[in-house]
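Report on one structure; see the data block that follows.
The values are calculated or read from the model by the stated rules, or taken from the named source; none is laboratory data. This structure is a prediction, so every number in the text was calculated from the model and none was measured. With ideal geometry, Cβ positions are generated from the backbone for all residues, glycine too; neighbour counts draw on all protein chains shown.
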Amino acid sequence: MKRLSFFACLLILLAGACKKSFLNVDAPNTVTVDALANKTGVQQLLVGTYHDITGLTIHSGWWSTSGTNWVYGDITSGDAYRGGSNDGTDGITIEHFQTLSTTGFVYDKWRSVYDGVSHANAVILAAAAANDMTDDEKLLATAEARFLRGHFHFDAKKMWNMVPFIDETVTDFKVANTENIWPRIEADFRFAFDHLPAKQPLKGQANKWAAACYLAKCYLFEKNFTAAKVLLDSIIPPSYGGHGNGVNSQGNPYALSVNFDDNFNAATENNPEQVFQIEFSVNDGSNGGNENIGESANTPNFYPISSFGTTWKQPTFNLVNAFKTDANGLPMLDTFNVTNMTNDENVSGDDLTYSTYQGTVDPRLDWTVGRRGVPYLDWASPSYFGANATGYSSYPSSDPNYGWINDRNFGGPYSPVKNNYRASQVGLYSDYYAQGYLLGSAVNYSIIRFADVLLWAAECEVEIGDLNRARALVNYVRNRAKTGRMVEVAYDYIGNYLPSANYSIDIYNTAWADQTMARNAVRFERRLELALEGHRFFDLVRWGIAADYITTYLTKEKDRLPNNLKGVAFKANQYEYFPIPQQEIDLDPKLKQNPGY
C-alpha cells in the first residue's frame, strides 16, 4: 500500500459520506456505494481506508491525528515532553493534563478515527452491492475492511474507553456509548483472522496473523491473560519457544530483525519483525498525501530537516535515565532515576570540555534518543574526534549539541531519533512537499512489531504462567539489542570505528522466582524496547498504575524542568481517558461524557 497516488481523488469521492461529523451524516455511504460498488471501486475504497491509518484524512490535523499517537501515548506518559513552546498550545495542554472536551486536538482525533470507521464500512457496503465480484472476492474485501474497522475502534477505545461501535448497519448515528465494545472489536479481528490469507500481494496489507496479533492485544487490554496466552503461543514460531505459524504479509515467519534500528529505517522496513505498519511514502505523485507529516515536527532544529524551530516529542530525563545499566548489563529497575545521566542542558554549544556520560548504558538508548557526544544516525560526526576538531555548530555534519534544540528550558536537551530518516536518505525517503520548513518522511511506523508480541507473551507468563518462560521471552528481545548494531563513531582517518558510548547489556541469567520482580522487569523492558512509539501511556492505563506512576514521575521531573512542568498534576480516575469532544455530544444526546470532564 505504498503507492496511493489517487488519494486526493478518493477524498473527493468519499466527501459525500464524511461530513462535518460522523454523527451528522444523512443516508451514509449512499454516494460511495452507488459510485464505487464494483471491483475497482472497492479496491479504491479499501486503499483509502488504509490511508486513514496515517491520520491524514479529510478531517485531520497533522500532529493531532497522527497515526503514530505520540501526542496521546508519549507526551502523557513520562517518556517525552511536547517540547518547543511555539506553534499552538493543544499539545502542551494535553501534556499538562489540562485537556477539555473543547480541546481541538481531541476533536480532530475523534473525527479522524471515525472517518476511518466510516470508510471501512463503505468498503463492506460496496463489496456487498458489487455485481462484478465473486463471493470469495467479497469475503476477502470484507475481512480486510473489518480488520481496519477493528483497528480504528481499538484506537477509540483506548483513547476514550466508552465509545460507540459503528458498523455498516448503522444509519442514524445517534448511538449511545454505554456498551463495552471489546467483544465487537474482537469479532472484527476474529473474522479477519478466519478469512484473510497468510500471504498478501502487497507488503502493507494486513494478513490473518496481523489480525491474530491484534486480537491478542485486545485480550491484553482486557486482562484476559488465559485467552491471550493460548493465542500468542499459536502465533509465535518454534524458534522463539512457541508452537505457532505466524508470518508477515510476505509469508516470512515472524522474527526479530538482526538490528534494533532496522525497525526505524526506511531502507529495511517491512522486515519479518513487522506485524502491521503504517506505510508512508514520498515523491510518489500524491503531493505529500502519503508522507509521515505527523512526526515532521519531531526533528532536530537544523536545516534541511527543520528550520521551523519545532523539536517536539523530546525525550524526558526520566526516559534517558532508564537506559542506564548495572554491572551485569541489566536495567536498574529501582534506582535508575535517582540521579540524572550527564547531559548538556546548561552547557553551551562551543564548550569543548563537555564529556558524555561515562557510565554503562543500553545500546538502544542511542537509536532512540539524540544526545550530545553521540552521532545522530548518519547526520552527525562528533567534531572533537581527530586532529581537526573545529568545535560544535548546529549544522547536520556536527554533533547533536545545544543548537539542535529549540527551547531547552521547556523541552530539555534530548531529541527523538526513532522515525527520523538518515542524511543519506534525503530526497529518497524525504520530500519538501508539506512545507518548505519541514521535510516529510517515508519512514514507516510499526503499529505492532514482533518484539511487542514477545513481550505480550512474557506478560501472560508473569500473570498466569511460568516466570522463567517470561524471562526467556524477554531475553530474546535483550539478546537482539546485545548482538545487533550499535551506534559507532570513526576515531581515525583510515576507517576504524569505536562504539559511541560505554554500551553494556546482557540477558537475565538468573532464574526469576518473584512475580513482582518479574512483572517489573517485563514492563521495564517494554519501555526500553518501545520507547517513543506511542504505546507507553496506554500501557500504564491498562496496567492500572497510571496515576501512581505519573505522580511519581512528575514529583521528580518538575524540579528538573520547572519551566514546563511546574504545577502539573495527574488526577486519578479521570485523566486515564480523554474527554469526549463536546461537539459530538451536542450532536448526539445519547453520548455520555467521561467522568470528571
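Data table
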quantity: Only listed residue being more than 21 Å from Ser112 (Cα to Cα), crowded, with 22+ Cβ neighbours inside 10 Å and over 18 Å from the mean Cα position of the chain (by Cα), chosen from Ala122, Ala127, Ala145; calculated: Ala127
quantity: Subset tally (residues that are in a loop (DSSP other than H, G, I, E, B) and in contact with a strand residue (DSSP E or B) (Cβ under 9 Å, 6 or more places away or on another chain)) for segment 230-243; calculated: 1
quantity: Residue that is surrounded by the most Cβ atoms within 10 Å (Cβ to Cβ) [pool: residues in segment 298-321 that are modelled with pLDDT of 90 or more and among the polar types (S, T, N, Q)]; calculated: Gln314
quantity: Residues within segment 179-209 that are under 18 Å from Val117 (Cβ atoms) and either touching a strand residue (DSSP E or B) at 6+ places or on another chain (Cβ under 6 Å) or in a loop (DSSP other than H, G, I, E, B) (or both), tallied; calculated: 4
quantity: Only listed residue being touching a Ser or Thr at 6+ places or on another chain (Cβ under 8 Å) and of a type in the set (Gly, Ala, Ser), chosen from Ala143, Ala187, Ala228, Ala210; calculated: Ala210
quantity: Any chance Arg478 is out of contact with any Lys or Arg (no Cβ under 7 Å at 6 or more places or on another chain), among the basic types (Lys, Arg) and within 25 Å of Tyr376 (Cβ to Cβ); calculated: yes
quantity: Residue identified as over 25 Å from Tyr508 (Cα atoms), free of Cβ contacts under 8 Å to residues at least 12 places away in the same chain and among the polar types (S, T, N, Q) among Thr342, Thr353; calculated: Thr353
quantity: Hey, Asp452 of a type in the set (D, E, K, R), over 17 Å from Thr516 (Cα atoms) and at pLDDT 95 or above or not; calculated: yes
quantity: Selected residue (criterion: surrounded by the most Cβ atoms within 10 Å (Cβ to Cβ)) from residues of segment 220-239 that are farther than 19 Å from Trp182 by Cβ and small (Gly, Ala, Ser); calculated: Ser234
quantity: Meets criteria (closer than 17 Å to Leu455 by Cβ and of a type in the set (Gly, Ala, Ser)) for Ala211; calculated: no
quantity: Any hit, segment 188-195, residues being in contact (Cβ under 8 Å) with a residue 40 or more places away in the chain, out of contact with any Phe, Trp or Tyr (no Cβ under 7 Å at 6 or more places or on another chain), of a type in the set (A, V, I, L, M) and on the phi < 0 side of the Ramachandran plot; calculated: no
quantity: Failed criterion for Lys571 (all others in (1) in contact with a Phe, Trp or Tyr (Cβ under 9 Å, 6 or more places away or on another chain); (2) without any contact (Cβ under 8 Å) to a residue 24 or more places away in the chain hold); calculated: (2)
quantity: Evaluation of Asp586 against (1) of a type in the set (Asp, Glu); (2) under 21 Å from Pro416 (Cβ atoms); (3) not in a loop (DSSP other than H, G, I, E, B) (one fails), failing number; calculated: (2)
quantity: Candidate set from segment 174-187 (those that are of a type in the set (Val, Ile, Thr) and in contact (Cβ under 8 Å) with a residue 40 or more places away in the chain); member that is surrounded by the most Cβ atoms within 10 Å (Cβ to Cβ); calculated: Val175
quantity: One residue from Gly294, Gly246, Gly289 being farther than 18 Å from Tyr50 by Cα and in contact (Cβ under 8 Å) with a residue 12 or more places away in the chain; calculated: Gly246
quantity: Test: residue in segment 333-344 that is within 23 Å of the chain's Cα centre (by Cα) and either outside any loop (DSSP other than H, G, I, E, B) or surrounded by fewer than 19 Cβ atoms within 10 Å (Cβ to Cβ) (or both); calculated: no
quantity: Residue check for Glu584: more than 22 Å from Ser101 (Cβ to Cβ), surrounded by 14 or more Cβ atoms within 10 Å (Cβ to Cβ), touching a Ser or Thr at 6+ places or on another chain (Cβ under 8 Å) and at pLDDT 95 or above; calculated: no
quantity: Spans of helices (runs of 4 or more DSSP H) in segment 511-563 with at least 3 residues free of Cβ contacts under 8 Å to residues at least 24 places away in the same chain, β-branched (Val, Ile, Thr) and surrounded by fewer than 22 Cβ atoms within 10 Å (Cβ to Cβ); calculated: 546-560
quantity: Among the residues listed as Glu295, Glu269, Glu291, the single one being touching a helix residue (DSSP H, G or I) at 6+ places or on another chain (Cβ under 9 Å), buried (at least 19 other Cβ atoms within 10 Å of the Cβ), closer than 25 Å to Phe105 by Cα and at pLDDT below 95; calculated: Glu295
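One line per residue, one yes/no per condition, for (1) in contact with a strand residue (DSSP E or B) (Cβ under 9 Å, 6 or more places away or on another chain); (2) surrounded by fewer than 20 Cβ atoms within 10 Å (Cβ to Cβ); (3) at pLDDT 95 or above:
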{"position": "Ser60", "(1), (2), (3)": "no, no, no"}
{"position": "Trp63", "(1), (2), (3)": "yes, no, no"}
{"position": "Asp79", "(1), (2), (3)": "yes, no, yes"}
{"position": "Glu95", "(1), (2), (3)": "yes, no, yes"}
{"position": "Thr102", "(1), (2), (3)": "no, yes, yes"}
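For every residue, the table says whether it meets (1) at pLDDT 95 or above; (2) small (Gly, Ala, Ser); (3) under 19 Å from Lys174 (Cα atoms); (4) assigned to a helix (DSSP H, G or I).
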site: Val117; (1), (2), (3), (4): yes, no, yes, yes
site: Val123; (1), (2), (3), (4): yes, no, no, yes
site: Ala126; (1), (2), (3), (4): yes, yes, no, yes
site: Thr142; (1), (2), (3), (4): yes, no, no, yes
site: Phe154; (1), (2), (3), (4): yes, no, no, yes
